[in-house]
Amino acid sequence: MENLQHLFPQLEKVVVDKIAANAQEKHFKAGAILMDSGQYIKNTMIILEGRVKIYRQDDEGQDYFLYFLEPGQACAMSMICAIRQETSGLTAVADEDTTALVIPLAVMDDLMQHHRSWYQFVLQTYRQRFEEVLEALDQVAFKSMDERLVFYLKKQQESIGSNLVNRTHEEIARDLGSSRVVISRLLKALENKGQVKLHRNQIEILKLKLLAF
């Protein structure tokens, strides 16, 4: 209860009470799939601890990173798909060990109909995720791979609140829809410019600049 009220201060106490009484707390190890593309969604999730990576897969099986879900945030896609009884077009993977509250569809329906603070929370969540998707689309459509890499590293830095990004070159390549060879070459170029320092399975951000190349 205290954790919920701290993470979601915008929600009325009665809403927090209903969530606490009806939601199920689940723990996911890093790498676990919380939501898969093509899956029917019967509940929504709000993140209590950890971090979840959201990405979309194209028709050729290529993954594209979209955004992270962090403590105090909810999965807008699961909300919309559950309410409309549609399949998900996104995949959610635990980026690190994660704890989430799973809220059944019937509870969501009740909250949407009777509690304005939850309704506003859902709209705000959907708007924020939509803006992040547009930002990711802009990167894919209009930016070169070197610009996308710098942007990606900056987002990682902001998300984890640290200059140490624990990502392999292979993982970054998968998130950006590129190859490990290309990402390794671009990271080495950034290191030569003194903007990052490369370690084993870790990138230390020194002073990243957009339009660096």
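A few points about this structure:
- For a straight C-alpha distance cut-off of 18 angstrom, the aspartates and glutamates reachable from Lys13 (same-chain residues fewer than eight places away being disregarded) are Glu2, Asp109, Asp110.
- The accessible-area ordering, largest first, of the residues Thr44, Thr168 stands as Thr168, Thr44, per a 1.4 angstrom probe.
- Dipole-positive endmost among Thr125, Ile54, Ile33 within the range 1-141 (Cβ charges, Cα centre): Thr125
- Amide proton proximity set for Asn163, modelled H, under 5 Å, gap of 5+: none
- Net charge dipole, the range 67-121: roughly 300 debye, given to the nearest 20, about the Cα centre with Cβ charges of +1 for Lys and Arg and -1 for Asp and Glu.
- In the chain, the sites counted are trypsin sites (Lys or Arg not before Pro) in DSSP loop states with at most 14 other Cβ atoms within 10 Å, and the longest stretch holding none of them, exclusive of the sites, is 43-192.
- Test item: Cα-centred dipole of the chain, Lys/Arg +1 and Asp/Glu -1 on Cβ, debye: 620
- Using θ = phi - 60° and Karplus 6.51 cos²θ - 1.76 cosθ + 1.60, couplings along the range 52-57 (whole Hz; Gly, Pro as x): 10, 9, 10, 9, 10, 10
- Carbon and sulfur %, accessible surface of the chain computed with the full protein complex present, 1.4 Å: 48
- Residue-span extension gain [Ala189 to Glu171] - 0.36 nm each, minus C-alpha spacing: 4.7 nm
- Flagged links, alpha-carbon separation over 28 Å, of Lys155/Lys193; Lys143/Lys197; Lys26/Lys143; Lys26/Lys53; Lys29/Lys155: Lys26/Lys143
- Matching label, Rg and Dmax of the Cα atoms in Å computed from the structure shown, candidates [x] 19.8, 69; [y] 18.5, 58; [z] 16.9, 51: [y]
- Accessible area in square angstrom per residue, the chain, 1.4 angstrom probe: 54
- Dividing the mean sequence gap of close Cα pairs (under 8 Å, 6+ apart) by how many residues the chain holds gives a relative contact order of 21 percent.
- Residues whose amide H comes within less than 5 Å of that of Leu34, counting only those at least five positions distant or on another chain, are Ala92, Val93, Ala94 (H built at 1.01 Å from N in the peptide plane).
- Among the GluC sites (Glu not before Pro) in the range 31-92, those placed in a DSSP loop whose Cβ has at most 11 other Cβ atoms within 10 Å are Glu60.
- Taking label points 7 Å from Cα along the Cα-to-Cβ direction, Gln5 and Arg84 give a separation of 3.6 nm.
- With each label modelled as a point 7 angstrom along the Cα→C-beta vector, the Lys143-Thr99 pair spans 3.4 nm.
- Mean Kyte hydropathy of -0.5 or more with a Cα span along the axis of at least 20 Å, helices from DSSP in the chain: 116-142
The values are calculated or read from the model by the stated rules, or taken from the named source; none is laboratory data. Bear in mind the structure is a predicted one, so any value in this text is a computation, not a measurement. Note that each Cβ is placed from the backbone with ideal geometry, even for glycine, and that neighbours are counted across all protein chains shown. Areas reflect the complete protein model, heavy atoms only, side chains present, ligands, DNA and RNA absent. Shrake-Rupley method; radii C 1.70, N 1.55, O 1.52, S 1.80 Å.
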